[in-house]
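A quick write-up on the structure given underneath.
Values in this text are rule-based calculations from the coordinates and carry no lab data. This structure is a prediction, so every number in the text was calculated from the model and none was measured. No Cβ is skipped: glycine too gets one built from the backbone with ideal geometry, and neighbour counts run over all protein chains shown.
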Amino acid sequence: LWEKIIKILKYQIDEVEFNTYIKPLNVHEYKDNTLYVWVESTFMKEKVEQRYKLNMMEIINDILMMEASQRINIIFELKQAAEEKFENYISVMDTQKKLINNLNQRYRFENFVVGKGNELANAACIAISQNPGIVYNPLLIYGGSGLGKTHLMHAVGNAILDKDPNKKVLYCTSENFNNEFINSLRAGQFANVQNFRDKFRTLDVLLIDDIQFFEKVFGQGTGSVEEEFFHTFNTLQELGKQIIMSSDRLPREIRNLSKRIESRFDSGLSVDVQKPDYETRLAILKNIADSKSVIISDEVLEFISSSISSNIRELEGALTRVIARSTLLRKAITLQLVQEDLADLLKKQQSKITANKIITTVSGYYSIPLDEMKGKKRQQEITNARQIAMFLLKDQLDLNLTTIGGLFGGRDHSTVISSIRKIETRMKEEIVFKKEIDNIKQKIVE
Ligand code: ADP
Ligand code: MG
């Protein structure tokens, strides 16, 4: 019976996996409808149970359907006498390495549409994928949400692995990094921290997404996550390993970064991704339609491209929704159907911006409580946030000055106008400040 199982498995799985996991197994007993199998190490036991046990049982039951009609279980046991053979372990680790990568296979350069807003980021990523660790290290991709940062990072990883499957590439968000590190500490064993370090500091390519999250955890308590990231970063950089980071803003706009971390983040190349222009949006939609093999008239694609401009994720979402609706209702995708379908979405998008939304976004962005935004205090930070909120209320909603003053505890219109002027002047003079305001604007519509 065992031999039959092995024979069938051999056809089903990859040869390397077969030799690593299945070949070393040994049946030593069969009783009470249970097959007892010896494995050589706990590591192997875990892997075999996870990957092949179910499969084996299915095969057994298939075979037995023909020969008898009993259900059979398999138990893997650690062979007492068997020592963990070090070489064996290493070879398993090697196969593991090739098997594990957590990249999204769909995010590739081939399906990334290049336009004005992302051509620099795209070019930098392609250069890196050809020469990881050598050009532009670290690379920081920054820009608003839904503009392709994550897509590009995975594309680099996939391209590097296509060329050399032995490269160790890891994608993680800064939140993953934080949580994993905290967990390794919580488990309370040095070995766990050591595992964590082995994992991150032996990489060839680290793709770390959304580093703005770090502002929530850096500079707090013991600061150990920051310390850990700093050392991970340095180790990889010293070894000439590639680091790619993404963020929704520039490092200097991320709060709670120490100077040393900020200067590390800035030490390579920073490229931004910006909102796609109309042509790019249209090309992206055409791409999606092609990839799903649906035929959609230009008229419809043009309508969607002109209606949704700020975010590629939403653009994709709108098209997906249109396609789903036409499939489900068995209706052709006509301009009228799409107009109806998107009307809701568009209305929501427009009405999303409210005075309240603007004030709470600014308050959240600078961590100034709402009552202080509206109150009388004149500390620099509070005044600054208040003036920005006033400016945005004028800029985004075109509210009149008295109304704006009313939202801030009845300030008179001359105060409001001088606040707005101040912000306008700073935006003209300080590029960084203008970027900051753009970020807030982006957040308001998110
Ligand atoms: P971000 O990480 O900047 O928030 P994502 O990379 O998650 O944005 O992109 C959102 C969605 O839009 C993804 O499904 C991605 O594949 C798609 N996308 C973004 N930019 C492009 C592009 N230039 N061409 C094709 N698809 C894109
Ligand atoms: Mg992303």
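Sequence neighbours fewer than 8 away in the same chain don't count; with that in mind, list the lysines whose C-alpha is under 19 Å from residue 167.
97, 98, 199, 241
In nm, to one decimal, how far is the modelled label at residue 198 from the one at residue 1, with both set 7 Å along Cα→Cβ?
3.7
Which of 281, 321, 249 moves most in a GNM of the chain, Cα contacts under 10 Å?
321
Would you mind checking which residues have amide H under 5 Å from residue 245's amide H? H placed 1.01 Å from N; only 5 or more apart, or other chain.
When sequence neighbours closer than 5 places are left aside, the close amide H contacts are 139, 140, 141, 208.
Taking the Cβ-Cβ separation of residue 355 and residue 298 as r and a Förster radius of 35 Å, what is the calculated FRET efficiency to the nearest 0.05? Working shown, then result.
On the way: r = 39 Å, r/R0 = 1.11.
Efficiency at R0 = 35 Å is approximately 0.35.
Where does each of 169-181, 19-31 land if you order them by average Cβ count within 10 Å, highest first? Don't jump to the answer; show the numbers that get you there.
Working: 169-181: 19.2, 19-31: 14.5.
My ranking of the peptides, most packed first, is 169-181, 19-31.
For residue 78, enumerate residues with amide H under 5 Å from its amide H, sequence gap 5+ or separate chain, H modeled in the peptide plane.
It is 39, by chain and number.
With r defined as the distance between the Cβ atoms of residue 402 and residue 378 and R0 fixed at 22 Å, what FRET efficiency is calculated, to the nearest 0.05? List each step's numbers first, then the result.
Numbers: r = 21 Å, r/R0 = 0.98.
Computed FRET efficiency for residue 402 and residue 378 comes out at 0.55.
Pulled fully out, how much extra length does the chain show between residue 50 and residue 432, if you take 0.36 nm times their separation in residues and subtract their Cα-Cα distance? The partial results should precede the final answer.
Working: separation 382, 0.36 × 382 = 137.52 nm, distance 5.14 nm.
Here the answer is 132.4 nm.
Just check region 119-273 against the gyration tensor rule for me: Cα atoms, a ≥ b ≥ c as the square roots of the eigenvalues, rounded for a/c under 1.5, and otherwise prolate or oblate depending on whether a/b exceeds b/c.
Numbers: a/c = 1.85, a/b = 1.25, b/c = 1.48.
Oblate.
Hey, what do the phi angles of region 22-28 turn into as Karplus ³J(HN,Hα) couplings, whole Hz, using 6.51/-1.76/1.60 and θ = phi - 60°, x for Gly and Pro?
Once θ is set to phi - 60°, the couplings for region 22-28 become 8, 4, x, 6, 9, 7, 10 Hz.
Quote the FRET efficiency, to the nearest 0.05, computed for residue 417 versus residue 313 with a Förster distance R0 of 35 Å and r equal to the Cβ-Cβ distance. Walk me through the numbers on the way to the answer.
Details: r = 37 Å, r/R0 = 1.07.
Taking R0 as 35 Å, the efficiency between residue 417 and residue 313 is 0.40.
Taking only C-alpha pairs under 8 Å that are 6+ residues apart, what is the relative contact order of the chain in percent?
Relative contact order comes out at 12 percent.
Work out from phi, with θ = phi - 60° and the Karplus expression 6.51 cos²θ - 1.76 cosθ + 1.60, the ³J(HN,Hα) of each residue of region 408-418, listed in order in whole Hz, and give x for Gly and Pro.
10, x, x, 6, 7, 5, 6, 4, 4, 5, 6
Could you let me know the centre-to-centre spacing of region 399-421 and region 201-274, using Cα atoms, in angstrom?
One Cα centre to the other: 40 Å.
Compute a Gaussian network model of the chain, connecting alpha carbons closer than 10 Å, and tell me which residue from 416, 16, 225 fluctuates the most.
Per the Cα network of the chain with a 10 Å cutoff, 16 tops the list.
List the lysines whose alpha-carbon lies under 19 Å from that of residue 4, not counting same-chain residues fewer than 8 positions away?
23, 31, 53
Students often check this: by mean Cβ neighbours within 10 Å, which of 124-132, 363-371 ranks highest, and how do the rest follow? Present the calculation step by step, with values, prior to reporting the outcome.
Values: 124-132: 19.6, 363-371: 14.8.
Per-residue mean Cβ counts within 10 Å order the peptides as 124-132, 363-371.
Go ahead and estimate [θ] at 222 nm for the chain from helices alone: -39,500 (n - 2.57) per DSSP H run with n ≥ 4, summed, over the residue count, rounded to 500. Show your work: numbers first, answer last.
Values: 20 runs with 255 residues, N = 446.
The helix-only estimate for the chain comes to -18000 deg cm²/dmol at 222 nm.
Would you mind checking which residues have amide H under 5 Å from residue 26's amide H? H placed 1.01 Å from N; only 5 or more apart, or other chain.
38
Computed over the Cα atoms of the chain, what is the convex hull's projected area averaged over all directions, in nm²?
Numbers: hull surface 118.2 nm².
Averaged projected area of the chain's Cα convex hull equals 29.5 nm².
Using a Gaussian network for the chain with springs between C-alpha atoms less than 10 Å apart, which of these wobbles most: 410, 219, 117?
Largest GNM mean-square fluctuation: 410.
What are the lysines whose alpha-carbon lies under 17 Å from the alpha-carbon of residue 435, with same-chain residues fewer than 8 places away excluded?
Partners found: 275, 422, 443.
With the crude spin-label approximation of a point 7 Å out along Cα→Cβ, what separation in nm comes out for residue 11 versus residue 105?
In this crude label model, residue 11 to residue 105 measures out at 2.3 nm.
When DSSP assigns beta bridges and you keep just the ones with both residues in the chain, what percent turn out antiparallel, to the nearest 5? Before the final figure, lay out the partial values.
Working: 5 of 29 bridges.
About 15 percent, rounded to the nearest 5.
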